[in-house]
Amino acid sequence: MDLSYPAEAEAFRAEVRAVLAQELPPGWAGIGAIAGRQDAERFAAQWRQVLYRRGLLGITWPPEHGGRGLSRLHQVVLMEELARAGAPFGEHTDLFGIKMLGSTLLRWGTAEQRRRFLPRILSGEDRWCQGFSEPGAGSDLASLTTRARLDGGDWVIDGQKVWTSVAHRANWIFLLARTDPRARGHRGISFLLCRLDQPGIEIRPIRQLTGDSDFNEVFFTGARTPADLVVGAPGEGWPVAMTLLGHERGEEAATNPILFRAELDRLLALATERGRDHDPLIRQRLAWCYARVEIMRYLGYRILTQVQNGTELGPTELGPTELGAAASVAKLYWSEYHAAATELALDIQGLPGLVPEGRGPLRAVRTDDPGAPNSSGSWLGAFLNARAGTIYAGTSEVQRNILAETVLGLPKERRE
Ligand SMILES: Cc1cc2nc3c(=O)[nH]c(=O)nc-3n(C[C@H](O)[C@H](O)[C@H](O)COP(=O)(O)OP(=O)(O)OC[C@H]3O[C@@H](n4cnc5c(N)ncnc54)[C@H](O)[C@@H]3O)c2cc1C
């Protein structure tokens, strides 16, 4: 394990810090400190454009597609500095556009698809969402039933997706559809790109326990997309999807320890503020949290060292890559930690913690935003969102199956 960064990464860190010093408002205390939800959303949208203007979005992409051709380690440095400053990494849809689809198009897209879509992802003109899950297909994604057939020059799509995060903010969707009804399992599935603003598509928001609507049902009824907007060969979308999921699951090693450490500091302050820091059972649970966050930091270092050594980020299902396994361990670790830590926050507050005061987190993922006050609204939102953490990007049971099969070498699970 090598904990130092090479000189060029440190030089880039200095560049990022200079941008943050110039662009963040005076007295900046983190996006969580912006009290009104709409104000915080507005700031996040403007900040995303600042990152774009300063060349800090998609930095690992080649220059001809609007990136800077920098290494993954540079990306890690960028994320570290943004997390430390409490500044957003981008907008809600950037996770799907930049991190997932962009990186996947660089691997699988045609020259024309890359030329057409990549610059528009960075500029924010095209905002993407992910249409994989269906009412009958989540962990077992290959059982999906949305279908697409060629009609003239178009794919015609029928079916339903569910849990589609940010579809209401997006104008494009990448989706998996069965294009060969005779093929079974992973075969015969295509990875399609489709405009959302068309008559054959209806987006219905799902209201969550928090009262927010971050995700949606998306219905396709004769929706159309041109025949050339298939990524990879028709019927061969599975490896494309697995590349994409590898990007979804792997890259948080750098930021999680920073975000969870900041949240733990807030939790310690909460115990003191509410006079619970002498309670032996609360102290024991706080110590448990501290140990977990420290271990998370070392897990992160291990993954970063592998990234620095040039180990490829492998999609977890495709093979027993060391980094793929480490990504599964990290996902399992932070998500289960977070459920316990946020439950502790509620226990510290007692009954008043059940009455939300102040706004909740801007996003349904991970910790509340850096700088958030120690309010019941913040912790209740984080607690409810933490439930989702053990489900999205591969449930805890699925991660354990991956580790059992790829690391421990246990027999493969029986599939009916
Ligand atoms: C906040 C959030 C955002 C999301 N955003 C998106 C999105 O943008 N796009 C998208 O396509 N999807 C999205 N999802 C959906 C997510 O990918 C699925 O919820 C997830 O894959 C699990 O699928 P499922 O909900 O159908 O549960 P199921 O797969 O039905 O699982 C139900 C339970 O059975 C367990 N289980 C399933 N299979 C096995 C097995 N083989 N062995 C042991 N246990 C098993 C699971 O662990 C779980 O506990 C999102 C989910 C959440 C919570």
Screening Gly360, Gly394, Gly371, Gly381 for residues that are more than 16 Å from the ligand (Cβ to nearest atom) and either modelled with pLDDT under 95 or part of a loop (DSSP other than H, G, I, E, B) (or both) leaves only Gly371
Which number in (1) open to solvent by less than 20 Å² (accessible area, probe 1.4 Å); (2) farther than 19 Å from Ile189 by Cβ; (3) not β-branched (Val, Ile, Thr) marks the one condition that Glu91 misses? (1)
Checked the range 330-380 for anything open to solvent by less than 30 Å² (accessible area, probe 1.4 Å), among the β-branched types (Val, Ile, Thr) and within 25 Å of Ser396 (Cα to Cα); matches are Thr342, Thr367
Among what's in the range 162-182 and is within 12 Å of the ligand (Cβ to nearest atom), out of contact with any helix residue (DSSP H, G or I) (no Cβ under 8 Å at 6 or more places or on another chain) and assigned to a strand (DSSP E or B), pick the residue that is nearest to Ser103 (Cα to Cα). Leu175
Take the range 172-206 and flag every residue that is under 20 Å from the mean Cα position of the chain (by Cα) and either open to solvent by less than 20 Å² (accessible area, probe 1.4 Å) or basic (Lys, Arg) (or both). Trp172, Ile173, Phe174, Leu175, Leu176, Phe191, Leu193
Looking at the range 121-128, is at least one residue of a type in the set (Lys, Arg), closer than 23 Å to Ser103 by Cβ and within 16 Å of the ligand (Cβ to nearest atom)? yes
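Could you look through the range 126-154, keep only residues that are of a type in the set (A, V, I, L, M) and surrounded by 14 or more Cβ atoms within 10 Å (Cβ to Cβ), and pick out the one that is nearest to Pro181 (Cα to Cα)?
Filtering the range 126-154 for residues of a type in the set (A, V, I, L, M) gives 137, 141-142, 144, 148, 150.
Filter once more, keeping what is surrounded by 14 or more Cβ atoms within 10 Å (Cβ to Cβ): 137, 141-142, 144, 148.
Numbers: Ala137: 16, Leu141: 16, Ala142: 12, Leu144: 11, Ala148: 9 Å.
In this case the residue turns out to be Ala148.
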Please give the number of the condition Lys99 fails out of (1) open to solvent by 20 Å² or more (accessible area, probe 1.4 Å); (2) within 16 Å of the ligand (Cβ to nearest atom); (3) part of a loop (DSSP other than H, G, I, E, B). (3)
Could you check how many residues of the range 210-243 are open to solvent by 10 Å² or more (accessible area, probe 1.4 Å), part of a strand (DSSP E or B) and hydroxyl-bearing (Ser, Thr, Tyr)? 1
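Would you pick out the residues in the range 129-147 that are touching an Asp or Glu at 6+ places or on another chain (Cβ under 9 Å) and within 16 Å of the ligand (Cβ to nearest atom)?
First, the residues of the range 129-147 that are touching an Asp or Glu at 6+ places or on another chain (Cβ under 9 Å): 130, 135, 139, 141, 143-147.
Once the filter is applied, which keeps residues that are touching an Asp or Glu at 6+ places or on another chain (Cβ under 9 Å) and within 16 Å of the ligand (Cβ to nearest atom), the range 129-147 yields Gln130, Pro135, Ser139, Leu141, Ser143, Leu144, Thr145, Thr146.
The values are calculated or read from the model by the stated rules, or taken from the named source; none is laboratory data. Everything numeric in this text was worked out from a predicted model, so none of it was measured. Using ideal geometry, Cβ is built from the backbone for each residue, glycine included, and neighbour counts are taken over all protein chains shown. The accessibility values were calculated without ligands, DNA or RNA, using every heavy atom of the protein model including side chains. Shrake-Rupley method; radii C 1.70, N 1.55, O 1.52, S 1.80 Å.
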